[in-house]
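Input: a single structure, listed below in structure tokens.
The values are calculated or read from the model by the stated rules, or taken from the named source; none is laboratory data. If you're wondering where the values come from, they're calculated on a predicted model, not measured in any experiment. Here the Cβ is made from the backbone with ideal geometry for all residues, glycine too, and neighbour counts use every protein chain on show. Ligands, DNA and RNA are stripped out before the accessible areas are found, and what is left, the full protein with its side chains, is counted by its heavy atoms. Shrake-Rupley method; radii C 1.70, N 1.55, O 1.52, S 1.80 Å.
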Amino acid sequence: MELLCCEMDRVRRAVPDANLLYDDRVLQNLLTIEERYLPQCSYFKCVQKDIQPYMRRMVATWMLEVCEEQKCEEEVFPLAMNYLDRFLAGVPTPKTHLQLLGAVCMFLASKLKETIPLTAEKLCIYTDNSIKPQELLEWELVVLGKLKWNLAAVTPHDFIEHILRKLPQPSEKVPLIRKHAQTFIALCATDFKFAMYPPSMIATGSVGAAICGLQQDEDVSSLTGDALVELLAKITNTDVDCLKACQEQIEVVLLNSLQQFRQDQGDGSKSEDELDQASTPTDVRDIDL
Amino acid sequence: MSEPSRDAHPIPRGSKACRRLFGPVDSEQLSRDCDALMASCVQEACERWNFDFVTETPLKGDFAWERVWGLGLPKLYLSSGSRGSRDDLGGGKRPSSSPALLQGTAQEDHVDLSLSCALVPRSPERPEESPGGPSTSQGRKRRQTSMTDFYHSKRRLVFSKRRP
């Protein structure tokens with residue numbers, strides 16, 4: 001039976017590397033370089049004429065659905081959104097190209113982060129065949145060129161383990177906190193408000209929001225409230241007030257998306273079983289705030 | 001390995017995620033915009049590297065280009081052996097119609113990799129070592145070709161190579 005399990009596990013993952021996760025220099029380096037990968041401007045104001053914020057939300061929601069359905073690694077979606085934002089910060093784009101760009105960005109992020117990446121054909125089917133694989137591949141080069149081939153962007157996920165290991169949580173609570181934090185990160189990526197925030201702040205705010213949310217139901221943390229925020233802020237050198245504001249914004253976005261979900265409910269076709277298998281974050285609907 | 005890669009997650013029948021978001025897509029406009037953007041990438045590269053990648057001529061600027069014969073590159077970059085598997089991963093063939101694409105006939109593509117460049121300081125008061133001083137232009141920040149820089153050059157060279 002064990003052998004069978006091994007054979008069925010098609011995704012190869014590296015084991016967590018203690019040299020990377022338990023060395024403070026790594027965290028410090030991440031903090032130093034993270035700003036390089038932020039979009040250069042708030043592009044709805046200064047670059048885009050056709051594309052509106054709600055369109056970004058539409059394409060982001062679609063991308064998240066695709067990533068969840070394809071059980072992509074958690075980083076794929078936020079990384080793809082980083083590519084999309086950086087591209088849009090530099091290139092005026094008509095809205096009819098937006099879904100193609102979203103597909104291209106998922107294509108690239110998946111290739112960077114996954115052992116079995118999404119295929120061009122599959123992504124085209126997800127656009128209801130409104131684009132052809134050939135177009136996807138051509139635009140892949142355009143996006144790569146405009147991003148200067150700088151694909152290894154820092155994402156909030158890069159900080160999660162560094163933050164979690166410095167918190168005094170009981171170790172059995174960590175997986176749940178991690179899962180919720182990952183959900184918040186995905187949620188942040190769908191909302192343009194967070195596009196220009198440093199990834200470390202989103203990560204810290206997401207962990208904070210996860211702990212606060214979970215704390216209401218069960219005892220996950222010995223630290224709460226201001227003490228927790230202060231410790232979190234210290235870990236990633238974030239300003240305490242900024243962090244509080246960020247965490248509050250995350251909670252607002254969560255509430256909005258829960259409301260949105262309740263409105264949409266009834267056509268939800270996902271089974272619980274399916275959600276459990278996902279390596280993408282817990283669906284927001286699983287979270288009780 | 002010969003199996004289709006993502007069969008573990010086939011698209012569910014009637015998946016709600018399969019949808020077009022912003023109406024019909026104009027293929028011709030896509031292709032026009034693609035060409036224009038690729039051209040602007042080439043232009044940016046030209047300015048950054050002071051090298052005309054279309055005619056393969058060095059231009060005046062921070063980099064001094066010189067031809068190098070018999071570059072000691074790893075075989076990976078020189079032979080065609082590694083190519084097949086690369087394309088398979090992306091699931092689908094690279095289109096070969098656009099001249100802007102870097103995929104081409106393998107062996108030839110790499111012949112002209114044998115151009116190297118070095119950053120030349122323009123004046124004594126701006127030594128090449130100064131790491132990112134406030135007035136330093138983008139192209140001057142690096143004093144040494146890094147792997148990505150090299151790749152950048154290669155890409156453009158290939159681009160020009162494919163023109164008859």
Report relative contact order for the range A:18-109 in percent, whole number only (criteria: Cα-Cα under 8 Å, sequence separation at least 6). 38
If the elastic network links every pair of Cα atoms under 10 Å, which of A:Leu20, A:Leu64, A:Leu98 fluctuates the most in the Gaussian network model of chain A? A:Leu20
Using a 1.4 angstrom probe and counting only protein chains, how large is the accessible area of A:Asp17 in Å², to 10? 70
Given springs between every Cα pair under 10 Å in a Gaussian network model of chain A, which of A:Phe159, A:Phe261, A:Phe87 has the largest fluctuation? A:Phe261
Calculated Rg and Dmax of the range A:70-213 using C-alpha coordinates, Å: 16.4, 51
Quick one: accessible surface of B:Ser15, probe radius 1.4 Å, all protein chains present, in square angstrom to the nearest 10. 10
Residues whose placed amide H lies under 5 Å from that of B:Asp52, excluding near-sequence neighbours: B:Thr57, B:Leu59
Using amide H atoms built 1.01 Å from N in the peptide plane, name the residues 5+ places from B:Phe63, or on other chains, whose amide H lies under 5 Å from its own. B:Val120
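From largest accessible area down, sort A:Thr155, A:Thr115; use a 1.4 Å probe on the protein chains.
Values: A:Thr155 5, A:Thr115 75 Å².
Heavy-atom accessible area, descending, gives A:Thr115, A:Thr155.
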Please compare each pair in A:Lys71/A:Lys148; A:Lys71/B:Lys16; A:Lys71/A:Lys179; A:Lys113/A:Lys173 to a cut-off of 20 Å on the Cα-Cα distance and tell me which ones are over it. A:Lys71/A:Lys148; A:Lys113/A:Lys173
How much accessible surface area, in Å² rounded to 10, belongs to the heavy atoms of B:Glu47 with a 1.4 Å probe? 130
Run lengths n ≥ 4 of DSSP H only: what is the helix-derived mean residue ellipticity at 222 nm for chain A, with -39500 (n - 2.57) per run over all residues, to the nearest 500? -19000 deg cm²/dmol
So, with points 7 Å from each Cα along the Cβ direction, the A:Lys111-B:Arg19 label distance in nm works out to 2.9
How high is the relative contact order of chain A? Use alpha-carbon pairs under 8 Å, at least six apart in sequence, and give a whole percent. 21
Between A:Val15 and B:Ile11, the FRET efficiency computed from the C-beta separation at R0 = 35 Å comes out, to the nearest 0.05, as 0.70
Cα-based Rg of chain A per 2.2 N^0.38 Å, rounded to two decimals? 1.00
Membrane-span-like helices (DSSP H runs, Cα span along own axis at least 15 Å, mean Kyte-Doolittle at least -1.0) in chain A -> A:53-69, A:76-88, A:98-113, A:133-146, A:174-190, A:199-215, A:225-235, A:240-264
